[in-house]
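Laboratory data are not the source of any read-out in this text; all were calculated from the coordinates shown. In this text the structure is predicted, and so the values were computed from the model without any measurement. A quick note on method: Cβ atoms are made from the backbone with ideal geometry, for glycine too, and the neighbour counts reach across all protein chains shown.
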């Protein structure tokens, strides 16, 4: 892939530029004869897809972007008209509704139908049912990569071999068939080297939030930082350039001792440093963010910006062992971790990021995140002795967001932190 | 003397607690929450001040309990009559002109009923007992008086009158007119009390701090610094009432809260019901309305049952239709009602489980803690799984949030 010339020095503008270019290429893919692969974000195989000159489409990202634009409610209803029950994941219904209503993508341009559905099963059973539905709707082949769950809290050599064998015997041949190209080990090696560079830069961006005050919000702001690395750009020069620009901007903020950026400028005062577990609500994303920053709360770390893959423990794509590193990457994504491993990770974040507490956002749609969240909350609370709060809504079905209820819980939660501070001020040593 | 005021503006009732600087409860006030939250808070606060005044009078003049009770009866009756006048005027405005003569007759009948109660002078009078009962409010008593009078006369269509009364009550309730003791006409008060009134103003505590909490706290006429979450207030209030409190269950009008306190009494975590008020006070209130039973009669009626018919606890409205279906199917009313109360308890226990369980002593607070069928059922379930547990229910359980708010206000002094 050719590198896009950098027109603007701002990371935000550069991201927009590369995303616009990506959606243009998607819109014209059919005319140009370029083949398209639909796939999922957690444990994605972006380098492999791009190396075959295939274009990836991420239905989850389309769904969340539809919700940000205010379209998801209609899409969900359309899917329910087609027979999907109220209890089905709203990402699925939003995606199917969008397809049934013309498949216009987030950039307002039509999305091409898939030539291949690459189903990497990373702890989410709904993914399987989702693509089974898409396979029927699009009359399109599926390649299934079964990713073993880290039930014992780690990855064994046998697990890695199991995934590599599937890549060699099923996934790579399926991509070769669809693209009409052979597997190119040199290209993959080069892309893995670029991926590793992006990943190191991305980690440095996220770790900047350990600084007090945090120069970034790692959840509401962070979701924008994670797009290039978890969607169509990891393994490209664009992603490296983007994260280099982003890191420069963040480091400048640290030098200037600036607080996190919000919708209304810099946070006037950093009063609470919070770790958040769970994906955001996308239909009322800005409202939810306001409920945090208007109280002076900044999210310093969270699981969601690691939903595609986790780099905090040192994992990088490996140019010398690309397939093994794909396997380890897929197995290491957040929703494929055991609950104790998630507790360990969040507890570490609480300490490393000097957090005042944990907020769990439980979404009705997602069992991959939801299962174990209560246990996670109690364990983190026990280990850190920091207040943990619980709020509930959904991913992209607007009817499940209740601002009044969430505000009520967050009010109580932040006041719990205040009360503890006041108690410790009155009783030093406790 | 200085004091603090805590206001807990709930979805059903608004509570107020007046607290001395030393942390002693001076007075409690309660009223039904009405459309105008400012009026709700104001009336609850005035009730608490009146309650404190009565206690002060007792200490000023070494008055007997009988005299104090009589004073309170006189005050409440006088206040009730004034509200009735306003209600009557509002009723004449909202109802058809042709109904005016009939309404005048009803007003006279209602007055006579009150006169009879007043003349009993301490002897048993149903209407005066109701006026003195803190769990009944003006709207409940006035509505019953008017409808009873209309029924006896047979002059006005009951449904038309009930609709008119609902409109007139809304207008009446949103008017502030309850007076402080020293503004009350001396003739309303027993002779032993009259000379003490001028002294009252000198020793009445000055409210030096206030905190508002509850469902409607954002709409209280308080600055933001004087607003606290009900979670913290209930936790603090419960710990004040029971120093060994670790887990607090609060069932109010629209919220059920499970609150865990740490060893220092600080809120460690909390869980609240989401999306539906099933299992809360409104759930019981809704079914009571559907069946035409008074809310306070619901618990005693359920307690007469020997068995409970299972009722769902996931949705208030579905529970209403389910109760009707069960009754049509021939189930006994009291047994269905016991099932309904069991559903409330099961939902609360599920919330407690999600919040981490019950530790050492469970404090049950909120309006529903006054419902004997809920309390009895809760005890039965706790006996099965938590035999060594202490269950605390304070007579002032409904004021826990307001008490916590007043305690927070003390910290700001």
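Points to keep in mind about this one:
- For a label point 7 Å along the Cα-to-beta-carbon line of residue A:104, residues of the stretch A:17-36 with backbone N under 20 Å: A:20-31
- Between A:265, A:221, A:357, the GNM of chain A built on Cα springs shorter than 10 angstrom shows A:265 fluctuating the most.
- Separation in nanometres of the label points that stand 7 Å from Cα toward Cβ, at residue A:427 and residue A:190: 6.5
- Of the peptides A:289-295, B:403-409, B:381-387, the order by per-residue mean of other Cβ atoms within 10 Å, starting with the highest, comes out as B:403-409, A:289-295, B:381-387.
- Label-zone membership for the stretch A:6-45, site residue A:252, 7 angstrom Cα→C-beta point, backbone N under 20 Å: A:6-18
- Distance between modelled label sites at residue B:208 and residue B:244, nm, 7 Å Cα→Cβ extension: 3.4
- In the elastic network of chain A, a GNM with C-alpha springs shorter than 10 Å, the most mobile of A:91, A:413, A:225 is A:413.
- Beta bridge orientation in chain A: antiparallel %, DSSP, nearest 5: 10
- Peptide-level mean, for B:209-220, of C-beta atoms on other protein chains within 10 Å: 1
- With contacts taken as Cα pairs under 8 Å and at least 6 residues apart, chain B reaches a relative contact order of 21 percent.
- Computed from Cα positions, the angle between helix A:373-384 and the longest principal axis of chain A comes to roughly 50 degrees.
- Rel. contact order, % - alpha carbon contacts under 8 angstrom, at least six apart, chain A: 19
- Shielding by partners, peptide B:257-268 (average Cβ within 10 angstrom, other chains): 3
- Highest to lowest packing among B:4-16, B:342-354, B:90-102, scored as the average C-beta count within 10 Å: B:4-16, B:342-354, B:90-102
- Descending Cα extents along the principal axes, the stretch B:243-393, whole Å: 51, 30, 22
- Between the Cα long axis of helix A:125-138 and the first principal axis of chain A there is an angle of about 40°, rounded to the nearest 10.
- Residue of A:411, A:397, A:312 that the Gaussian network model of chain A assigns the largest fluctuation, springs spanning Cα pairs under 10 Å: A:411
- The angle between the Cα long axis of helix A:72-81 and the main principal axis of chain A comes to about 60°, on a 0 to 90 degree scale.
- DSSP-defined beta bridges in the stretch A:188-426 - what % are antiparallel, rounded to 5: 10
- By DSSP, the beta bridges lying fully in the protein assembly as shown are antiparallel in about 40 percent of cases.
- Estimated translational diffusion coefficient (Stokes-Einstein, Kirkwood radius over Cα pairs, 4 °C, 1.567 mPa s) of chain B: 57 µm² per second.
- Based on alpha carbons, the Rg and Dmax found for the protein assembly as shown are 32.5, 107 Å.
- Per-residue [θ]222 nm for chain A (sum of -39500 (n - 2.57) over DSSP H runs n ≥ 4, rounded to 500): -15500 deg cm²/dmol
- Taking all pairs of distinct alpha-carbon atoms in the stretch B:2-197, Kirkwood radius in angstrom: 17.8
- Highest average first, the peptides A:46-53, A:206-213 ordered by how many other beta carbon atoms sit within 10 Å of their residues are A:46-53, A:206-213.
- Neighbouring partner chain Cβ atoms per residue of A:407-416, average, 10 Å criterion: 6
- Percent RCO, i.e. relative contact order, over the stretch B:2-197, from Cα pairs under 8 Å lying at least 6 residues apart: 23
- Mean residue ellipticity at 222 nm, helices only, chain B: -17000 deg cm²/dmol; runs of at least 4 DSSP H residues each add -39,500 (n - 2.57), and the sum is divided by the number of residues.
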